[in-house]
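Below: one structure, written as C-alpha cells.
Just so it is clear, none of the values below were taken in a lab; they were calculated from the coordinates. Here the structure is a predicted model, which is why all the values come from computation and not from measurement. Here the Cβ is made from the backbone with ideal geometry for all residues, glycine too, and neighbour counts use every protein chain on show.
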Amino acid sequence: MRKRYDKAFKAKVAIEALRGEKTLQELSTAYGVHPNMIAAWKKQLLETAEQIFEKVGKDKDAEAAERVQDELFKQTGHLQVENEFLKKSTDNCTGPSRSCRA
C-alpha cells in the first residue's frame, strides 16, 4: 500500500531541499521518504512557485468583477422599482390595463 503525504509535509520537505543545508539522502533519512520523491516535490515546488504570486492579481480582478456585478444588480433593482411605479401611475390615469380584451 502506498503511503500518502499531506501538502504541508511535502512543502516542508521541498523547502528544506531547496535550502540545500542537507543533502537529499540526509532529508530522506530524516523524514523517511525516498530521495527521488523529495526531488520530485522540489521540482514541483519550483515549477508552481510563480502561481502563488499570480493569485494576487486574480483576487483583484475578482473583486473588480464583483463590484461591477453589485452595481448592475443595484441598477436592475432601481429599474424594476421605476417600472412598477410607472405601471401604477399609468393605471391611475387610464384605468387598469387589460392584456386580454373580450
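See the values below:
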item	result
Test: residue in the stretch 28-37 that is hydroxyl-bearing (S, T, Y) and closer than 18 Å to A8 by Cα	yes
Residues of the stretch 31-51 satisfying the condition of being outside any loop (DSSP other than H, G, I, E, B) and more than 26 Å from the chain's Cα centre (by Cα)	Y31, P35, N36, M37, I38, A39, A40
Residue list for the stretch 52-79, filter: under 16 Å from the mean Cα position of the chain (by Cα) and among the acidic types (D, E)	E54, D59, D61, E63, E66
Count - residues of the stretch 16-30 that are outside any loop (DSSP other than H, G, I, E, B), loosely packed, with under 15 Cβ neighbours inside 10 Å and acidic (D, E)	1
